[in-house]
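Participant: Here it is, the structure, as structure tokens.
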Amino acid sequence: MALLIETEANRCLNCKVPMCQKNCPISTPIPQIIQMFKANNLQEAGKKLFENNPLSVVCATVCNHEAQCAGHCILGKKSTPVQFYSIEHFISDSFLARFKVSEIEKKNKSAAVIGSGPAGLTVAIILASNGYDVTIFERKNNIGGMLRYGIPEFRLPKSVLERYHKLLDKLGVKIRLNTTIGGAIRIDNLFRDGYSAVFVGTGAWRPRTLNIEGESLANVNFGINYLENSLHHEIGETVAIIGMGNVAMDVARTVFRHGAQRVMLFSKDNHATASSHEMSYAKLDGAEFIYGKQIVRITSEGPVFRNAVLDEDGNEIGLEGEEELFKADNVIIAISQRPKDKLILSTDHLEGTAKGLLIVDDNYMTTHEGVFAAGDVVSGPLTVVHAVNAAKKAAQSMMDYMSSK
Ligand SMILES: Cc1cc2nc3c(=O)[nH]c(=O)nc-3n(C[C@H](O)[C@H](O)[C@H](O)COP(=O)(O)OP(=O)(O)OC[C@H]3O[C@@H](n4cnc5c(N)ncnc54)[C@H](O)[C@@H]3O)c2cc1C
Ligand code: SF4
């Protein structure tokens, strides 16, 4: 490992216009970090990474590097790009382990953070590091959001979240688990109880449905619901997965690890939306990809399809041929998610789009004064680094707002 990351650091050309950094959604100062690493300035490099991206250690593991830093490294044009993420992981991992809180001047103002996924964690860390009193409200019995309940353990070891829990403790962040805001406690109650600003980072947890016959049968589940608690599902030998996005790939790889022998993924088009990286791993695990099939209903025997008629771009424009049953013990639908509407329904003046996404202004403030939002609940399902990047900006706006009051 040490040899690998040293070799990678030595290969970096320290470009004047670093394409790796330009294509990182959170603009990680990649060449600068590599130079610090080479100069053995690990603590400073770790601090810089953490301040730019409090979830740097997570992003080093789960970002789509082929589409971002590595995919744009100049060396990749002729040979192998620098694997910056290995260097980033090493530095951030060691920084997190030694994280110390310096003396913080208290602002005597408190903020509520709803949701403890990447967006909520980022806001909580930034506000607490700047002297605000922070309470996280999380509806689950543990922190992490999709990092814990979506991304499988074999891709992101959950021990990293225990380390973030400790970090929050060190920063004095209070965490109230098993508490759904919009239920017994509403956003207005938070202002009543003295919070000066509220951050909503509740993600996108409502599975998109197919709206076809058979969706409520016992052999059917939705991808994120399955991943949330995969241990407690009897998955059977043959599994049909509807959808070919990244979540579908995680479902495929997870069902193999729970005993499935044959796993088929279906797309109505002639292409997948998952990254090539995720697809290649699912393929290695043995998943079969079946294109041009539009699902028409689900039976207790498995899903029923018709052939899709495709346009020149490979997108479905109609149906043809006879119905075809693909026998399967279980059918899992993984065709994206949207936010739940609990908060919008329970909060006056909090407005969302037709898809249930919260509407925010340029400062990430929602239509409700003092309530800010970022992450999947605003953008729809994206990625960890996008959630962190937006949450960083929202945290700054919250601090400006609270200090102006
Ligand atoms: C299966 C899967 C695999 C993925 N793989 C990757 C990957 O490899 N790389 C990558 O970058 N991204 C990946 N993503 C996307 C990434 O996980 C999300 O974009 C990111 O987690 C969004 O962060 P967030 O904080 O906005 O929301 P979330 O992570 O969804 O967190 C929202 C939190 O809010 C809580 N909450 C919701 N409503 C309430 C309420 N009313 N009151 C209190 N708490 C509430 C939820 O319980 C949750 O903890 C994946 C997503 C899934 C589903
Ligand atoms: S593009 Fe590649 S070689 Fe250039 S600074 Fe980035 S990692 Fe180094």
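Nothing in this text is a laboratory measurement; each read-out follows from the coordinates by a stated rule. The shown structure was predicted, so the numbers you read here are calculated from the model rather than taken from an experiment. Virtual Cβ from ideal backbone geometry, glycine too; neighbours counted across all protein chains shown.
Participant: Between Leu319 and residues 5 or more places away or on another chain, which pairs have amide H atoms under 5 Å apart, with H built 1.01 Å from N, and which residues are they?
Facilitator: Amide H neighbours of Leu319, under 5 Å, 5+ apart: Val309.
Participant: Tell me the relative contact order for the stretch 2-97 as a rounded percent, counting alpha carbon contacts under 8 Å between residues six or more apart.
Facilitator: Computed over the stretch 2-97, the figure is 35 percent.
Participant: Let me ask something additional. So which chymotrypsin sites (Phe, Trp or Tyr not before Pro) in the stretch 278-324 end up in coil per DSSP with only 11 or fewer other C-beta atoms within 10 Å?
Facilitator: none
Participant: Okay, next question. Per residue of the stretch 3-14, what does 6.51 cos²θ - 1.76 cosθ + 1.60 with θ = phi - 60° give for ³J(HN,Hα)? Whole Hz please, x for Gly and Pro, Karplus curve as stated.
Facilitator: 5, 4, 6, 5, 4, 4, 4, 5, 6, 5, 8, 6
Participant: Evaluate the charge dipole of the stretch 209-335 about its Cα centre and quote only its size in Debye, nearest 20, assuming +1 on the Cβ of each Lys and Arg and -1 on the Cβ of each Asp and Glu.
Facilitator: 360
Participant: Once Rh is set to the Kirkwood radius over Cα pairs, what Stokes-Einstein translational diffusion coefficient, in µm²/s, holds for the stretch 2-97 at a temperature of 37 °C and a viscosity of 0.692 mPa s?
Facilitator: The calculation lands on 254 µm²/s.
Participant: Give the shape of the stretch 346-387 as rounded, prolate or oblate, defined through the alpha-carbon gyration tensor: a ≥ b ≥ c are the square roots of its eigenvalues, a/c under 1.5 means rounded, and otherwise the shape is prolate if a/b is larger than b/c and oblate if not.
Facilitator: Because a/c hits 1.5 or more and a/b fails to exceed b/c, the stretch 346-387 counts as oblate.
Participant: Continuing with the same structure: Hey, what do the phi angles of the stretch 163-172 turn into as Karplus ³J(HN,Hα) couplings, whole Hz, using 6.51/-1.76/1.60 and θ = phi - 60°, x for Gly and Pro?
Facilitator: 5, 5, 4, 5, 4, 4, 4, 4, 7, x
Participant: I'd like the FRET efficiency for Leu42 and Tyr291, computed as 1/(1 + (r/R0)^6) with the beta carbon distance as r and R0 of 41 Å, rounded to 0.05.
Facilitator: That pair, Leu42 with Tyr291, gives E of 0.30.
Participant: Can you give me the long-range amide H partners of Phe289? Hydrogens built in the peptide plane at 1.01 Å from N, cutoff under 5 Å, separation of 5 or more residues or another chain.
Facilitator: Counting only residues 5 or more places away or on other chains, the set is Leu265.
Participant: With runs of 4+ DSSP H residues as the only contributors, calculate the mean residue ellipticity of the chain at 222 nm using -39,500 (n - 2.57) per run, divided by the residue total and rounded to the nearest 500.
Facilitator: So the calculated ellipticity at 222 nm is -10500 deg cm²/dmol.
Participant: Additional query: Would you please state the base-10 log of I(q)/I(0) at q = 0.14, 0.27, 0.28, 0.29 1/Å for the stretch 322-376, with intensities from the Debye formula using one equal scatterer on every alpha carbon?
Facilitator: The computed values of log10 I(q)/I(0) come out as -0.51, -1.14, -1.19, -1.23.
Participant: Here is a further query. Search the structure for amide H atoms under 5 Å from the amide H of Ile335, placed 1.01 Å from N in the peptide plane, and list their residues when 5 or more places away or on another chain.
Facilitator: Arg208, Gly223
Participant: Right, next: More than 30 Å apart: what percent of Cα pairs in the chain qualify?
Facilitator: Tail of the P(r) past 30 Å holds 47 percent of the pairs.
Participant: Placing one identical point scatterer on every Cα of the stretch 1-160 and ignoring solvent, what is log10 I(q)/I(0) from the Debye formula at q = 0.11, 0.12, 0.18 Å⁻¹?
Facilitator: Those come out to -0.50, -0.59, -1.15, one per q.
Participant: If you fit an axis through the alpha-carbon atoms of helix 246-257 and take the longest principal axis of the Cα set of the chain, what angle between them do you get, 0 to 90°, nearest 10?
Facilitator: 70
Participant: Pop out the ³J(HN,Hα) list for the stretch 123-138 in order, Karplus 6.51 cos²θ - 1.76 cosθ + 1.60 with θ = phi - 60°, rounded to Hz; leave Gly and Pro as x.
Facilitator: Karplus values, whole Hz, x for Gly and Pro: 5, 4, 5, 5, 5, 5, 5, 9, x, 8, 8, 10, 10, 9, 10, 10.
Participant: If you don't mind, there's one more thing I want to ask. Loop-only trypsin sites (Lys or Arg not before Pro) in the stretch 53-132, please: DSSP not H, G, I, E or B, and at most 12 other Cβ atoms within 10 Å.
Facilitator: Lys78, Arg98, Lys100, Lys106
Participant: What nm distance separates the two modelled labels at Thr209 and Glu324, each placed 7 Å from Cα along Cα→Cβ?
Facilitator: 2.8
Participant: Can you pull out the GluC sites (Glu not before Pro) in the stretch 75-144 that DSSP calls coil and that have at most 13 other Cβ atoms within 10 Å?
Facilitator: Those that pass, being in a loop and sparsely packed, are Glu103, Glu105.
Participant: Run the numbers for Ile317 and Arg155: contour at 0.36 nm per residue of separation, minus the present Cα-Cα distance, in nm.
Facilitator: Going from the current span to full extension adds 54.7 nm.
Participant: FRET efficiency for Thr273 and Glu103, Cβ-Cβ distance as r, R0 = 51 Å, nearest 0.05?
Facilitator: About 0.60, to the nearest 0.05.
Participant: Treating the stretch 269-405 as a set of equal point scatterers at the Cα positions, no solvent, please give the Debye-formula log₁₀ I(q)/I(0) at q = 0.11, 0.12, 0.17, 0.19 Å⁻¹.
Facilitator: -0.66, -0.74, -1.00, -1.10
Participant: May I ask you to sort His89, His258 by Cβ crowding, counting other Cβ atoms within 10 Å and putting the fewest first?
Facilitator: Ordered by Cβ neighbours within 10 Å, fewest first: His258, His89.
Participant: Taking 8 Å as the Cα distance limit and 6 or more residues as the minimum spacing, I'd like the relative contact order of the chain as a percentage.
Facilitator: Taking the mean separation of contacting Cα pairs over the length of the chain, I get 16 percent.
Participant: Would you mind classifying the stretch 125-240 by shape? Square roots of the alpha carbon gyration tensor eigenvalues, ordered a ≥ b ≥ c; an a/c under 1.5 is rounded, otherwise it is prolate if a/b is larger than b/c and oblate if not.
Facilitator: oblate
Participant: Return one number: the angle in degrees, 0 to 90 and rounded to the nearest 10, between the long axis of the Cα atoms of helix 384-404 and the longest principal axis of the Cα atoms of the chain.
Facilitator: Helix 384-404 sits at roughly 40 degrees to that axis.
Participant: Where a ≥ b ≥ c are the square roots of the eigenvalues of the C-alpha gyration tensor, would you call the stretch 209-335 rounded, which needs a/c under 1.5, or, failing that, prolate if a/b is larger than b/c, or oblate?
Facilitator: It comes out oblate by the Cα gyration axes.
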